[in-house]
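Worksheet for the structure shown next.
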């Protein structure tokens, strides 16, 4: 069977994709599962992260979000059995590409796929779904009655975050980056509290949020990136429609939570004056490879406690069902 890999040039400027022959090996590890891949999502390959983690390879596997049917299970696998339909995310140090006929993966990276969700829907939404759920549940502790600003709500992660927030009984405000996005968000049911069209450059996000919350500010902000500098000093590649970080601070309420995707965010000490919390929503914690842990105890905690706990919670609450209520 063949698998898809990519090779980066020595200058790190070009990426070449190639198919390589792979052996169809049986499961030899006790806690591993072998599954037949039915669908695989193509997500962004973070080559900078791979370099920082010193994961030097000649060829890197392509495709991490997968859905498929279990073929074989190891002797100590407790959650799955052959013919189970599953979905999951391969870890960064996986030797198997998702774009392959069959892959081997630790059982903690998988959950059961709900029957009414198709293969493509499962593989296509699990990455953004886990990130949205992590941001709302673990990082910002969303509860009923809270006000939430979700930037770029028509994006994949934004759409899922909106549905999860409404499922929890939150008041949702969102931004739209085009007229088409605005019309899409306005058609969602239940309706959003407000859709802010930032495509024209005339709407002020902070003013709109303060007006909607009676001047108190929103409780939770999920951004899709922010500008760190003035428009003249901002490096090339930053989207002009992104809000400035000071706009987010202006609209954030006392004791609010700001969940950001900006890795290089630097904040003034004044943010501490009203007890705001800022969190980075990076990759889901249960998809990191076990090599990041420095001791055997940390590796055991990371592999058994964190991943299996989130997987069971994710499966137990049946969050996948809410992903498709409004689509």
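Laboratory data are not the source of any read-out in this text; all were calculated from the coordinates shown. Computed from a predicted structure; not experimentally measured. As a convention, Cβ positions derive from the backbone with ideal geometry for all residues, glycine included, and neighbour counts pool all protein chains shown.
Between the stretch 77-102 and the stretch 141-198, what is the C-alpha centre distance in whole Å? Their Cα centres are 32 Å away from one another. In terms of surrounding Cβ atoms within a 10 Å radius of their Cβ, 108, 244 rank from fewest to most as 244, 108.
Fewest first, what order do 230, 174 take by the number of other Cβ atoms within 10 Å?
Working: 230 8, 174 27.
Fewest-to-most Cβ neighbours within 10 Å comes out as 230, 174.
Convex hull volume of the Cα atoms of the stretch 33-188, normalised per residue: 151 Å³.
Neighbour counts of other Cβ atoms within 10 Å put 33, 226, 254 in the fewest-to-most order 254, 226, 33. With N counted as the residues of the stretch 127-280, its alpha-carbon radius of gyration over 2.2 N^0.38 Å works out to 0.96.
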